[in-house]
Ligand code: SF4
């Protein structure tokens, strides 16, 4: 199965919506690549700069509750994908965003608030790795920590298949 | 144990059960618009999978930016238009016949009780007003829907929302749903279905039920749903009269979808809306809601009446009650966008368009436009809009702009005063003037 993880960037706020992830003004693009420069352009978060080098190098996002709420736009997932981010770890996700992640063969991991607190406490130099056999997330920052997570078996199938289109084409 | 309406719909459409917690459902209708569909079409073409599962079950519209405003939006329209022609999608609505998807498709009778519906649009939950399971999805789900006529969902858990009491004059379905979102919070219903029941819902028109279900997603819900009844049957009658001997027969048939008395719910909430004031949002989240009286006096630059939430004829009538014989404030730009051509024509016939124009409103063609900050009324940074739409996210109607969500009556009263205003005194005055 695909490997997930790498340098992680923390967005320490709840209810980050799809308009903040990729504003509607870019929805007229007909290619996924064209979205890439506009990642999190309208994010409302103190001290956040969408041009931050660390964000550009990130392979994973760590965030709080209800991530990806708002519109159904899969652009909000592709804009991460096209920035080489295919792992988002959050306290919870909005349904459509979560489904879009797995539909694209990407990984959305839910952890309780205490675990997210612990990851954030590891500091800004954070690296994540995922063991999809054991359902464990390993975090390396100021020290090492690991966290068990639950994954819906069907979502695991989608990650394995490389997304819903491939799965559905094989099954239905 | 009995079943909820959503469980009954799932049981009737189940194609596969990949795990006990997941269901793959057969779809009755796949809806499409020109913002999220072209990229799905392009992807299917690139994969050599440019097919549709059933052209009669696909309905498409160009509604978000119409007429096109630049080459990019023109291209999006063209991709959808060419695809609809290529696959002989008969129910395709282009300029001259187009309107906001969640207002247009129900008006055409496409949504029926017990149906499964998806669209690449989060406000697809609107169609639950007809007793359908209707969910917004992303592009990949849309592609699979178009190609295979199926979609996957988690096992449906339902929150039962029993609404009792009596709505006062000047208080509407919009105020009820804003209050519900405030109560549930923006993720209080995530992965859940919101089933709206009780005497207040029973007494609501189909249009009001659509307003109610439209904003279920703002509490995170997969779908809002109402039990199909005589009001549903009467609304759909022009489209179903070939299928049923009488409205009574349709009503009796629709009962098969009603939740059983012993159905299991994730939770049940009772809400008495007697005494509810008109509601207005104040922040950048749809659960940041206050009574209009505490928000009164907030300056606005623009008032927008339209959208899939509140751009239907009953909405326009309520706003016109306030605007009749009045002028909007000199500091305010008023924009009315009737949601569909049918709404527009009806408003013309009833003199409502004239009322709006004499009050100083600009009237646009039916389109989403300003609702998502794409055309026909985008805000400048620092500007404030009183809007009958459903989202007040930061930048939603234009970067740096602020949106206050409210009912059409509150928006109309606000337009007249130039500041957020309680519509009830205006409505009382209008009533007294009539007597
Ligand atoms: S009116 Fe607004 S919310 Fe409704 S479908 Fe159009 S853009 Fe979406």
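No lab work stands behind these numbers, since they all come straight from the coordinates. None of the values given here were measured: they were computed from a predicted structure. Backbone-built Cβ (ideal geometry, glycine too); neighbour counts: all protein chains shown.
Ranked by Cβ crowding within 10 angstrom, fewest neighbours first, how are B:148, B:78 ordered? All intermediate terms of the calculation are to be shown ahead of the outcome.
Values: B:148 21, B:78 15.
In order of increasing Cβ crowding within 10 Å: B:78, B:148.
Between rounded, prolate and oblate, where does the range A:5-171 land on the alpha carbon gyration tensor, with a ≥ b ≥ c its root eigenvalues, rounded for a/c under 1.5, else prolate if a/b exceeds b/c? Don't jump to the answer; show the numbers that get you there.
Details: a/c = 1.67, a/b = 1.06, b/c = 1.57.
Judged from the Cα gyration tensor, the range A:5-171 comes out oblate (a/c at least 1.5, b/c at or above a/b).
If you take every DSSP beta bridge fully contained in the range A:5-171, what fraction is antiparallel? Give it as a percent rounded to 5. Write out the running numbers ahead of the final one.
Values: 14 of 27 bridges.
So the antiparallel bridges amount to about 50 percent of the total.
Considering only DSSP beta bridges where both residues belong to the range B:279-434, give the percentage that are antiparallel (nearest 5).
Bridges in the range B:279-434 that DSSP calls antiparallel: roughly 20 percent.
Please work out the ratio of the alpha-carbon Rg of the range B:289-399 to 2.2 N^0.38 Å and round it to two decimals.
Values: Rg = 13.5 Å, N = 111, 2.2 N^0.38 = 13.2 Å.
It is 1.03.
Which percent, to the nearest 5, of DSSP beta bridges fully inside chain B are antiparallel? Write out the running numbers ahead of the final one.
Values: 12 of 57 bridges.
Roughly 20 percent of the DSSP beta bridges within chain B come out antiparallel.
Shielding by partners for B:140-150, please: the mean number of other protein chain Cβ atoms within 10 Å of each residue's Cβ.
Numbers: counts 14, 9, 3, 5, 9, 1, 0, 4, 5, 1, 3.
Taking all residues of B:140-150 together, the mean is 5.
I want to verify a result. In a Gaussian network model of chain B, Cα cutoff 10 Å, which of these has the top mean-square fluctuation: B:152, B:246, B:55?
B:246
Under a crude label model (7 Å from the Cα following the beta-carbon direction), how far is residue A:34 from residue B:291 in nanometres?
4.9 nm
In what sequence do A:138, B:119 fall when counting other Cβ within 10 Å, fewest first? Don't skip to the answer; put the middle values down first.
On the way: A:138 15, B:119 31.
If I rank by nearby Cβ atoms, fewest first, I get A:138, B:119.
What average count of beta carbons from other chains do you get within 10 Å of the Cβ of residues in A:21-33?
6
So what's the back-of-envelope 222 nm ellipticity for chain B, counting only DSSP H runs of four-plus at -39500 (n - 2.57) apiece and dividing by all residues, rounded to 500? Don't jump to the answer; show the numbers that get you there.
Numbers: 17 runs with 154 residues, N = 435.
-10000 deg cm²/dmol, from helical runs alone.
Report, in whole Å, the centroid distance computed from the Cα atoms of the range A:93-170 and the range B:1-43.
Each part's Cα centre sits 24 Å from the other's.
From other protein chains only, count the Cβ atoms within 10 Å of every residue's Cβ in A:161-167, then give the mean.
Neighbouring Cβ atoms belonging to other protein chains average 4 per residue here.
Cα convex hull of chain B: mean projected area in nm², to one decimal? List each step's numbers first, then the result.
On the way: hull surface 82.3 nm².
Result: 20.6 nm².
Taking the alpha carbon gyration tensor of the protein assembly as shown, what are the square roots of 5 times its eigenvalues, largest first, to the nearest whole Å?
Numbers: eigenvalues 271, 159, 116 Å².
One finds semi-axes of 37, 28, 24 Å for the protein assembly as shown.
Hey, in the GNM for chain A with a 10 angstrom Cα cutoff, which one of A:127, A:28, A:63 fluctuates hardest?
It is A:28.
So if each residue of separation counts as 0.36 nm, and I subtract the Cα-Cα distance between residue B:262 and residue B:164, what length gain in nm does that give?
Values: separation 98, 0.36 × 98 = 35.28 nm, distance 2.03 nm.
Answer, rounded to one decimal: 33.2 nm.
Rank by packing, highest mean first: peptides A:99-109, B:421-431, with packing defined as the count of other Cβ atoms within 10 Å averaged across residues. If you can, show how the numbers build up before the last one.
Working: A:99-109: 24.9, B:421-431: 18.3.
Per-residue Cβ counts within 10 Å, averaged per peptide and sorted highest first, yield A:99-109, B:421-431.
Can you classify the range B:29-123 as rounded, prolate or oblate using the Cα gyration tensor, where a ≥ b ≥ c are the square roots of its eigenvalues, rounded means a/c under 1.5, and otherwise it's prolate if a/b beats b/c and oblate if not?
Numbers: a/c = 1.73, a/b = 1.14, b/c = 1.52.
In terms of gyration-tensor shape, oblate.
Please arrange B:331, B:298 by how many other C-beta atoms lie within 10 Å of their C-beta, fewest to most.
Values: B:331 10, B:298 16.
Going from least to most buried by this count: B:331, B:298.
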